[in-house]
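To start, the structure itself, in structure tokens.
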Amino acid sequence: MVISEKEINHRNSQIIDYLNKNGLDGFIVTEPYNIFYLDFYHISTERPIIYFFHSSGETTLFVPSMEEVEAMKMKHVDILKVYFEFPGEKDVFQWIIQELKSIYPHLKNIVIDNAKERLFQKWSTEFDNLKVDDFIYQMRLIKSEEEVEYLKMAANYSDFIVDYGIKHCLPGKSELELLAEMEIATIKKMVQELNEIIYVPGGPAGGLIPSGERTILPHALPSSRIIQKGDTILFSCGANIKGYRTECERTCFVSEPDKLRKKAFKIMKDAQSLGISLMKPGNLCSDIDKQVLDFIRKRGYGDYIRHRTGHGKGLQEHEIPWVEIGDHTVLQKGMILSSEPGIYIEGLSGFRHSDTVLVTEKEPEVLTKYSKELEDLVIEV
């Protein structure tokens, strides 16, 4: 068990209560991160893993045989059903439905967390009423005290990996070599300090560290480019504890930056701080995004914006809510967000800081603490 028994009991009870309050017979959970949330961590592949909650409180987990040993450890699973392989001589999805109907012969009103169109159409014919329902996603919006503690721990390692990268960034190293050093050092520290490390997609710690002209690409994949004196380098890094992810991003300079870079850096930094200050209960994601991006536009850098202000953090690198003009989610205490507006100027460089932010009753709590001041982000060579 990764998450505490008390926490899992609470999550399961919320799902069962939701079913009974809404006259539903069952909830089909298919989304891997929702299944992680329910404490079954696994490598997501084409082989389906399905978690079913019945309104009676009983749960059934469907897994391929390669996951059977791990699935047997699940204390909160009442019935475990195992198939050999995918796609199987007999269609696996059809087998799952037949097994459900065999266990629960009176299923009529069913909800599913996520489904591809073809699968939804196929399963819709098997029940009187099948609907997609985002209840579990909504549960994940507000983090519990236990989740917040995991995220605070993860933030410490996100700060560490950035700090290590800045201290070991030297001209002559490739992005890939530096990133590998950063990951090894951070994972070594985690192994020494933590009782257990859960390997989820993306690994325990890592990131992107584009340098030079590649910093204008917001999600530039690591490359063999050699870091040079005079480069801008964007440390876009993070770590996870028990699957819960935080990010810390800092824009750095390999030697003193020129006036153009300093000006763009300051506007980005001020916009990012504005975003954090607005992450309070009652504020709308859409309003925050508009204010932050308008701040950049009014200073003449509107043509260099390439993305929204931020997004939710938790089990996924990017999850709801979206701090974007089209998302009118009202912020509530316990939400975790990133604040990361960027400026990307072709022929110069990209500029972006990011922090992981907890919405509290009062002022936002910034979980990632690494310095954002220019004097601390110039790498002397």
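Within region 270-297, work out how many residues are in contact with a Gly (Cβ under 7 Å, 6 or more places away or on another chain) and either within 18 Å of residue 344 (Cα to Cα) or not hydrophobic (A, V, I, L, M, F, W, C) (or both). Result for region 270-297: 4. Residue 161 fulfils the conditions (1) over 19 Å from residue 248 (Cβ atoms); (2) touching a residue at least 12 places away in the same chain (Cβ under 8 Å) except for a single criterion, (1).
Name every residue in region 57-81 that is of a type in the set (Gly, Ala, Ser) and either assigned by TED's automatic domain parsing to the domain that holds residue 243 or touching a residue at least 24 places away in the same chain (Cβ under 8 Å) (or both), in order of residue number. If the condition is that a residue be of a type in the set (Gly, Ala, Ser) and either assigned by TED's automatic domain parsing to the domain that holds residue 243 or touching a residue at least 24 places away in the same chain (Cβ under 8 Å) (or both), then 57, 71 are the ones that fit. Hey, any hits in region 229-251 for a residue that's under 30 Å from residue 43 (Cα atoms), touching a Ser or Thr at 6+ places or on another chain (Cβ under 8 Å), in a loop (DSSP other than H, G, I, E, B) and of a type in the set (A, V, I, L, M, F, W, C)? Within region 229-251 (the criterion being under 30 Å from residue 43 (Cα atoms), touching a Ser or Thr at 6+ places or on another chain (Cβ under 8 Å), in a loop (DSSP other than H, G, I, E, B) and of a type in the set (A, V, I, L, M, F, W, C)), the answer is no, since none of the residues qualifies. Looking at 79, 50, can you tell me which residue is in contact with a Phe, Trp or Tyr (Cβ under 7 Å, 6 or more places away or on another chain) and among the hydrophobic types (A, V, I, L, M, F, W, C)? Of 79, 50, the one residue that is in contact with a Phe, Trp or Tyr (Cβ under 7 Å, 6 or more places away or on another chain) and among the hydrophobic types (A, V, I, L, M, F, W, C) is 50. Scanning region 178-210 for residues that are in contact with a strand residue (DSSP E or B) (Cβ under 9 Å, 6 or more places away or on another chain) and farther than 21 Å from residue 236 by Cβ turns up 194, 197, 198. Restricting attention to region 89-138, the residues being of a type in the set (Ser, Thr, Tyr) and surrounded by 13 or more Cβ atoms within 10 Å (Cβ to Cβ) number 3. Can you spot a residue in region 4-19 that is assigned to a loop (DSSP other than H, G, I, E, B) and buried (at least 18 other Cβ atoms within 10 Å of the Cβ)? No. Among residues of region 114-126 that are modelled with pLDDT under 80, those with a Cβ under 7 angstrom from a residue that is surrounded by 14 or more Cβ atoms within 10 Å (Cβ to Cβ) and of a type in the set (Val, Ile, Thr), sequence gap 6+ or separate chain, pair up as 115/30.
Please return the ranges of strands (runs of 3 or more DSSP E) entirely within region 277-381 where 3 or more residues are touching a residue at least 40 places away in the same chain (Cβ under 8 Å).
Working: elements: 310-312, 319-323, 336-339, 342-345, 349-352, 355-358.
Ranges flagged: 319-323, 336-339, 342-345, 349-352, 355-358.
The values are calculated or read from the model by the stated rules, or taken from the named source; none is laboratory data. Quick caveat: nothing in here was measured; it's all calculated off a predicted structure. With ideal geometry, Cβ positions are generated from the backbone for all residues, glycine too; neighbour counts draw on all protein chains shown.
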